[in-house]
1. For chain B, what does the helix formula give at 222 nm: sum of -39500 (n - 2.57) over DSSP H segments with n ≥ 4, over the residue count, nearest 500 deg cm²/dmol?
2. Net charge near A:Glu104, counting Lys/Arg +1 and Asp/Glu -1 over other residues with Cβ under 10 Å of its Cβ?
3. For the A and B pair, go ahead and give the buried accessible area with a 1.4 Å probe, both sides summed, in Å² to 100.
4. Whole number in Å², please: accessible area per residue of the protein assembly as shown, 1.4 Å probe, ligands, DNA and RNA not counted.
5. With a 1.4 Å probe and all protein chains kept in place, how do A:Ser27, B:Ser109 rank by accessible area, largest first?
6. Could you give the size of the charge dipole of segment A:11-71 about its Cα centre, using +1 on the Cβ of each K and R and -1 on the Cβ of each D and E, expressed in debye and rounded to the nearest 20?
7. Quick one: label points 7 angstrom along Cα→Cβ at A:Asp88, distances to the other copies in nm, smallest first?
8. Between segment B:4-63 and segment A:57-77, how far is it from one alpha carbon centroid to the other, in angstrom?
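The values are calculated or read from the model by the stated rules, or taken from the named source; none is laboratory data. What you see is a predicted model; the values in this text were computed from it and never measured. Virtual Cβ from ideal backbone geometry, glycine too; neighbours counted across all protein chains shown. The protein model used for the area step is the full one, side chains on, heavy atoms only, and it has no ligands, DNA or RNA in it. Shrake-Rupley method; radii C 1.70, N 1.55, O 1.52, S 1.80 Å.
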There are 2 protein chains.
Amino acid sequence: MARQATYRLGDLQLRIMRVLWDSAPASVADVQRQLGGDKLAYTTVATMLRKMEDRGLLRHCEQGRRFLYEPAVSAEDVTRSMADDLVDRLFEGSLSATVTHLLENREVSCQELARLERLIQQRKQGP
Amino acid sequence: MARQATYRLGDLQLRIMRVLWDSAPASVADVQRQLGGDKLAYTTVATMLRKMEDRGLLRHCEQGRRFLYEPAVSAEDVTRSMADDLVDRLFEGSLSATVTHLLENREVSCQELARLERLIQQRKQGP
DNA sequence: GCGGTAATACTACCACGGTAGTTCCGATCG
DNA sequence: CGATCGGAACTACCGTGGTAGTATTACCGC
């Protein structure tokens, strides 16, 4: 697997990706509606979609004169990329340092602890 | 403990904070040197320091006509803030989702797994 | 064909991270 | 005293995320 781009998305961009990941293809109006109606101008959303397509995050195809947008990168790619970026920037790539920090600084329920435990056991079996 | 600011630092800003965290107080020249010498212009570093002071990340005091800078926020605050930000943005605040993702997408050595296991055991005892 | 409407396209604006040039001040040295 | 030098200050510039207004185009109903 070759090297891949590192995505650093702003808040709005991430929200837009989320909309598209779970209901692509979507028109500008669709996206705007799902972004919370009239909080953002229609043209704002349209502009953002265009810019994001320029960056390769999205694709569009035309249906009549409507543009239908869909993601060009997967949620996994973006999530991994952003998470990796943080782990590298903040913890010099050390996963255990990251998790240590999270455990020490956040409220963790017993349920979550148990889930984590199971996760690690599982990870110890499988390669 | 009252609420606290959420810091979102760029790369250079983070590198500067790191320099100051482990060798404050430092002059502009000191910071520039530790940032790798001539990769960044002296004035660039100075500008960045000034902007960061405006944002409350740093403080300075004058020694003769030299400015000596020091952090105004702790490494812990910044790290926690940035980590929380990511967990919230990417995983809706779910710690286990975050860790799950990290485990699934990164190489993890046996050592690291063992360390994580110990960490969780430990966390299960203490409150 | 004509006017209205719904869609995109274009353009502009602000804030901010990052980069750097130019200026200005004070001290020191010949 | 006057030139030079080190340091900070000021200003400008570029890229990009985010916001939105205006222009243009293409269809639709009459």
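1. Values: 6 runs with 77 residues, N = 127.
Computed mean residue ellipticity for chain B: -19000 deg cm²/dmol.
2. Working: positive: A:Arg106, B:Arg80, B:Arg123; negative: B:Glu76.
Net charge in that neighbourhood comes out at +2.
3. On the way: alone 9400 and 9430 Å², together 14610 Å².
Heavy-atom accessible area buried at this interface is about 4200 Å².
4. Values: 14610 Å² over 254 residues.
On a per-residue basis, the protein assembly as shown sits at 58 Å².
5. Values: A:Ser27 10, B:Ser109 55 Å².
Largest to smallest exposure gives the sequence B:Ser109, A:Ser27.
6. On the way: 10 positive and 8 negative charges, 18 e Å.
So the magnitude is around 80 debye.
7. 2.5
8. 41 Å
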